[in-house]
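Only one structure is covered here, and it is reproduced in the block below.
The values are calculated or read from the model by the stated rules, or taken from the named source; none is laboratory data. All of these numbers come straight from a predicted model, not from anything done at the bench. Methodologically, a virtual Cβ is constructed for each residue, glycine included, from the backbone with ideal geometry; neighbour enumeration extends over all protein chains shown. Quick note on the areas: whole protein, heavy atoms, side chains included, nothing else; ligands and nucleic acids left out. Shrake-Rupley method; radii C 1.70, N 1.55, O 1.52, S 1.80 Å.
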Amino acid sequence: MRAIPLKSFTSLAVLGLLATGCGQGLLGGGGDGGDKTADKASDPIVLGMLIPQSGSEAAIGPYMSNAAQLAVDEINAKGGVLGRKLELKTADDACDAQSAAAGANKLVTEGVNISVGGYCSGATLPTLPIFGKANIPMIIPAANSQELVDQKLKHVFLINGTGSQQATAAEKWMTKQGAKSAVLMHDNTSYSKDIALRTKALLDAPGGAEAALVETVTPKESDYSANVTNVLAKKPDFVYWTGYFQEGGLIARQLRQAGYKGSIMVGDGSVSPKLIEIAGAEAAEGVYATMTQTPDTLEGAEGWIAAYKKKYNAEPGPYSNQAYDAVRLAAEAVTKAGGTDGAKVTAALEAIDGFSMFSGPLKFTPEHTLSSGGFQVLVVKGDKFTLQDSLK
């Protein structure tokens, strides 16, 4: 999708989005099994965000929470939503299923009306029934395993491209580069394995590059030499790592140290400056990545980036733009629903047609995914990922 011009993006975040007035007799995020007490017109509309604040993926958490808070502050500065202020509550999922479930229950207890979090798919999956039982709609900004979609849950909406769409982009780029064979590496998590196996199916179709090997690694280790040996034995043109940056950086470094000269590509969970830091500049140089829009690849995003930097004295990173849009979309849905009742907000989200986001005008598919995944190919140059091919 074409990104909207960002020179007027800050005003788009609030104008034409917010209505004034007071919601009367609105249910909170209680629904089935939750608090049935009606919201007061003076109560804030509470957004909950599960993100990794600890563990190996903790570097991503601040990008998402900072951007979400930026959107909250901008909307509140213009009067809020339906005359009520937004409030953001965060909880740590540590990219871990058990921690995520605990965090989701904590947010439900704290009375959140809409969930706008979710980074690791394996951690997000167990939160779906928790928020569903509490009648809390979920706008998921980052997690994108097809397994999330396959649950077919009415209250779940993804605003990042799916694993299926990412696999399509990966296969398209390998084919465009003339690859004859590829090794796919995953960490056996829902997100990573899903992308790897979907990419394999596409590569194995007539006319595609051969998927020479699907290699499973154990996450949170430091030595992947046995996996690297298995990869080198297949002499692939491409190695596609579909897991997260901690392991991705180590794998890239150890592949190069072992003499691998072919192309290395990583999935969106590895798009972080941390991958370059872990791999080392020499090994990371030229590593490709399948990724949806990042702040520095968005046309006309200079004004929004400047606002983020002014507030946090730091550059926005991966998934900051999606987190920002998740808050804006939540505000739009509450406005259209006339309040925070979960069923009405869900219906409002299903009816969204043309809402302006960084990725382009939004309209959900019947499966509550983006009509177009928007995946592009990035490449490491120096100390950052830069746009290589938009795959338009």
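With a 1.4 Å probe and all protein chains left in place, how much accessible area per residue does the range 292-357 have, in Å²?
Details: 2300 Å² over 66 residues.
I get 35 Å² per residue for this part.
I want the antiparallel fraction of DSSP beta bridges within the range 163-320, as a percent rounded to 5. Each step should come with its number before you reach the end.
Working: 0 of 16 bridges.
Bridges in the range 163-320 that DSSP calls antiparallel: roughly 0 percent.
What dipole magnitude, in Debye to the nearest 20, does the chain give about its Cα centre under +1 on Lys/Arg Cβ and -1 on Asp/Glu Cβ?
In total the dipole reaches around 580 debye.
As a test of the formula, what do you get for the chain when each DSSP H run with n ≥ 4 contributes -39,500 (n - 2.57) and the sum is divided by the residue count, at 222 nm and rounded to the nearest 500 deg cm²/dmol?
When only DSSP H runs of four or more count, the value is -11000 deg cm²/dmol.
May I ask which residue of A347, G48, I130 lies farthest towards the positive end of the charge dipole of the chain, with charges of +1 (Lys, Arg) and -1 (Asp, Glu) on Cβ and the Cα centre as origin?
The Cα lying farthest towards the positive end belongs to A347.
Apply the a/c threshold of 1.5 to the C-alpha gyration tensor of the range 287-382 and tell me whether it is rounded, prolate or oblate. Let's see the in-between values first.
On the way: a/c = 2.84, a/b = 1.58, b/c = 1.80.
Cα axes put the range 287-382 in the oblate bin.
Could you give the Stokes-Einstein D for the range 240-356 in µm² per second, using the C-alpha Kirkwood radius, 4 °C, 1.567 mPa s?
Values: Rh = 16.8 Å.
Translational diffusion coefficient: 77 µm²/s.
How large is Rg over Rh for the chain, taking Rg from the Cα atoms and Rh as the Kirkwood inverse mean of 1/r across Cα pairs? Spell out each step's value before the answer.
Working: Rg = 20.7 Å, Rh = 21.1 Å.
The Rg/Rh ratio comes out at 0.98.
Would you please give the residues with an amide H less than 5 Å from that of T90, counting only those at least 5 places away or on a separate chain, with H modeled from the backbone geometry?
Excluding prolines and chain starts, which carry no amide H, the hits are M49.
Say the dipole of the chain comes from +1 at the beta carbon of Lys and Arg and -1 at that of Asp and Glu; which of I264, Y63, T369 then lies farthest toward its positive end?
T369
Residues with amide H under 5 Å of S356's amide H, sequence separation 5 or more or different chain, H placed in the peptide plane at 1.01 Å from N; which?
L362
May I ask for log10 I(q)/I(0) of the range 138-237 at q = 0.12, 0.14, 0.21 Å⁻¹, from a Debye sum over the Cα atoms as equal point scatterers with solvent left out?
-0.46, -0.60, -1.07
I need the phi-derived Karplus couplings for the range 275-290: 6.51 cos²θ - 1.76 cosθ + 1.60, θ = phi - 60°, integer Hz, Gly and Pro marked x.
4, 5, 5, 6, 6, x, 4, 5, 6, 7, 4, x, 5, 8, 8, 8
Once you've got the Cα coordinates, tell me which of K180/K220; K311/K363; K152/K193 are over 27 Å apart. Write out the running numbers ahead of the final one.
On the way: K180/K220 31 Å; K311/K363 31 Å; K152/K193 20 Å.
Checking Cα-Cα distances, K180/K220; K311/K363 exceed 27 Å.
Using a 10 Å cut-off on Cβ atoms, rank the peptides 128-135, 248-255 from the highest mean neighbour count down. Write down the numbers at each step before the final one.
On the way: 128-135: 20.2, 248-255: 24.2.
Most protected by this proxy first, the peptides run 248-255, 128-135.
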